[in-house]
1. Of the residues 195, 174, which single one is farther than 24 Å from residue 98 by Cβ and in contact (Cβ under 8 Å) with a residue 60 or more places away in the chain?
2. Would you check if residue 108 is closer than 19 Å to residue 71 by Cβ, at pLDDT 90 or above and surrounded by fewer than 16 Cβ atoms within 10 Å (Cβ to Cβ)?
3. Residue check: is residue 142 buried (at least 21 other Cβ atoms within 10 Å of the Cβ) and modelled with pLDDT under 85?
4. On the basis of being surrounded by fewer than 21 Cβ atoms within 10 Å (Cβ to Cβ) and at pLDDT 85 or above, does residue 156 make the cut?
5. Does residue 115 meet the test of being at pLDDT 85 or above and surrounded by 20 or more Cβ atoms within 10 Å (Cβ to Cβ)?
């Protein structure tokens with residue numbers, strides 16, 4: 001009796017852990033993305049104007065503070081979600097799920113390092129105007145990581161996660177349809193639509209809320225299709 005009760009208790013805890021981690025990571029990553037968009041406008045400014053915009057520099061520094069913690073909670077979300085799916089997951093989709101998620105976090109951290117170097121370069125040029133080309137290069141390189149390359153890995157993660165939970169019947173139909181739509185937007189058109197990278201943290205938050213609010217019997221007794 002005790003052995004059979006332990007897995008049940010673990011199954012009850014795992015979705016709640018995934019939900020809480022998802023909400024925290026969504027808030028932190030979404031906030032960091034908004035701050036980056038504020039700090040680096042779509043239309044490049046002149047070097048003197050950008051150096052004089054102290055509020056933009058502060059916004060970018062705050063984003064760099066939020067970003068590592070958002071990545072940590074996102075890894076927790078990935079681990080708890082994978083443990084929630086457990087042995088029922090397909091090996092192919094599980095591999096892509098894990099690879100895309102880890103690459104997404106890696107790109108976020110690379111963005112943080114390059115953005116930090118960009119800020120150090122700006123601070124080192126106080127009292128002089130650096131070449132406009134240098135600022136444009138640093139601006140485009142940092143923002144491209146966060147708004148073009150990382151979102152595409154997030155799109156792959158969304159599509160594979162949605163496929164896994166759809167096959168196992170773990171999430172409601174509306175969330176599965178939303179997951180496919182958001183994944184396709186992230187993969188195909190994220191670089192063409194400004195602010196579209198924000199939809200991924202929104203999706204993570206919605207998934208977290210579903211895991212937190214769904215009844216335990218619905219979460220732990222999925223309608224598993226037979227292979």
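1. On the way: 174 fails: in contact (Cβ under 8 Å) with a residue 60 or more places away in the chain.
Testing whether each residue is farther than 24 Å from residue 98 by Cβ and in contact (Cβ under 8 Å) with a residue 60 or more places away in the chain leaves just 195.
2. Details: closer than 19 Å to residue 71 by Cβ: yes; at pLDDT 90 or above: yes; surrounded by fewer than 16 Cβ atoms within 10 Å (Cβ to Cβ): no.
No; evaluated as a whole, the condition is false for this residue.
3. Working: buried (at least 21 other Cβ atoms within 10 Å of the Cβ): yes; modelled with pLDDT under 85: yes.
Criteria met by residue 142.
4. Numbers: surrounded by fewer than 21 Cβ atoms within 10 Å (Cβ to Cβ): yes; at pLDDT 85 or above: yes.
Answer is yes for this residue.
5. On the way: at pLDDT 85 or above: yes; surrounded by 20 or more Cβ atoms within 10 Å (Cβ to Cβ): yes.
Criteria met by residue 115.
Yes/no per residue for (1) modelled with pLDDT of 90 or more; (2) buried (at least 21 other Cβ atoms within 10 Å of the Cβ); (3) closer than 17 Å to residue 116 by Cβ; (4) touching a helix residue (DSSP H, G or I) at 6+ places or on another chain (Cβ under 9 Å):
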residue: 10; (1), (2), (3), (4): no, no, no, yes
residue: 20; (1), (2), (3), (4): no, no, no, yes
residue: 25; (1), (2), (3), (4): yes, yes, no, yes
residue: 39; (1), (2), (3), (4): no, yes, yes, yes
residue: 49; (1), (2), (3), (4): no, no, no, no
residue: 53; (1), (2), (3), (4): no, no, no, yes
residue: 56; (1), (2), (3), (4): no, no, yes, yes
residue: 65; (1), (2), (3), (4): yes, no, yes, yes
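The values are calculated or read from the model by the stated rules, or taken from the named source; none is laboratory data. None of the values given here were measured: they were computed from a predicted structure. Ideal geometry is used to build each Cβ from the backbone, glycine not excepted, and the neighbour counts take in all protein chains shown.
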